[in-house]
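Engineer: Handing you this structure, nothing more for now.
The values are calculated or read from the model by the stated rules, or taken from the named source; none is laboratory data. The structure presented is a predicted model; accordingly, all values stated were derived computationally and were not measured. Here Cβ is always computed from backbone atoms with ideal geometry, including for glycine, and neighbour counts include all displayed protein chains.
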Amino acid sequence: MAKAAKSLLQNTELLLQENRRLHIANADLSRKRAREVRQFTKRVTTEQALTVGEGREISRCLEQEGEASAAAAGEASQAPRRCCTRCRQPGHTRIRCPTALESTQIVFSTTET
């Protein structure tokens with residue numbers, strides 16, 4: 001009987017340690033998410049206003065990232081899908097944005113003439 005009680009106490013201690021570790025990890029993720037939301041809100045309020053379509057696209061990207069992070073918690077093999085910070089379209093980053101490339105080509109063509 002004493003051996004069973006000792007085993008139960010050990011299991012309880014292990015569960016408490018795991019619970020503390022998960023609690024700390026959850027708090028870290030919550031702080032990170034809150035920081036990202038604050039930065040996004042600050043960027044949106046200081047820059048130009050968004051259209052309804054842009055807002056929906058940003059919302060969709062955030063939902064995809066949330067789904068990807070939830071899936072990554074279960075499977076570490078999937079990376080979150082990234083969206084361009086300039087045009088908010090998925091599939092490329094700001095550096096390779098087709099919109100930015102077109103605008104720089106227009107600037108170069110108008111300065112050459």
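Engineer: Of the conditions (1) modelled with pLDDT under 90; (2) surrounded by 10 or more Cβ atoms within 10 Å (Cβ to Cβ), residue 26 satisfies every one except a single condition; which number is it?
Structural biologist: (1)
Engineer: What about residue 63, is it in the same structural domain as residue 96 (by TED's automatic domain parsing), modelled with pLDDT of 80 or more, more than 19 Å from residue 99 (Cβ to Cβ) and not aliphatic (A, V, I, L, M)? Steps first, please.
Structural biologist: Values: in the same structural domain as residue 96 (by TED's automatic domain parsing): yes; modelled with pLDDT of 80 or more: yes; more than 19 Å from residue 99 (Cβ to Cβ): yes; not aliphatic (A, V, I, L, M): yes.
Yes; evaluated as a whole, the condition is true for this residue.
Engineer: Being in the same structural domain as residue 97 (by TED's automatic domain parsing), of a type outside the set (Ser, Thr, Tyr) and at pLDDT 80 or above, is that true of even one residue in region 75-84?
Structural biologist: We begin by selecting, within region 75-84, every residue in the same structural domain as residue 97 (by TED's automatic domain parsing); these are 75-84.
Then keep just the ones that are of a type outside the set (Ser, Thr, Tyr); that gives 75-76, 78-84.
So of that shortlist, the ones also at pLDDT 80 or above come out as 83-84.
Taking every residue of region 75-84 in turn, at least one turns out to be in the same structural domain as residue 97 (by TED's automatic domain parsing), of a type outside the set (Ser, Thr, Tyr) and at pLDDT 80 or above.
Engineer: Next up: Of all residues in region 34-51 being at pLDDT below 80 and part of a helix (DSSP H, G or I), which is surrounded by the most Cβ atoms within 10 Å (Cβ to Cβ)?
Structural biologist: Of the residues in region 34-51, the ones at pLDDT below 80 are 40-51.
Going one step further and asking which of them are part of a helix (DSSP H, G or I), we end up with 40-46.
Numbers: 40: 12, 41: 10, 42: 10, 43: 10, 44: 14, 45: 8, 46: 7.
My answer is 44.
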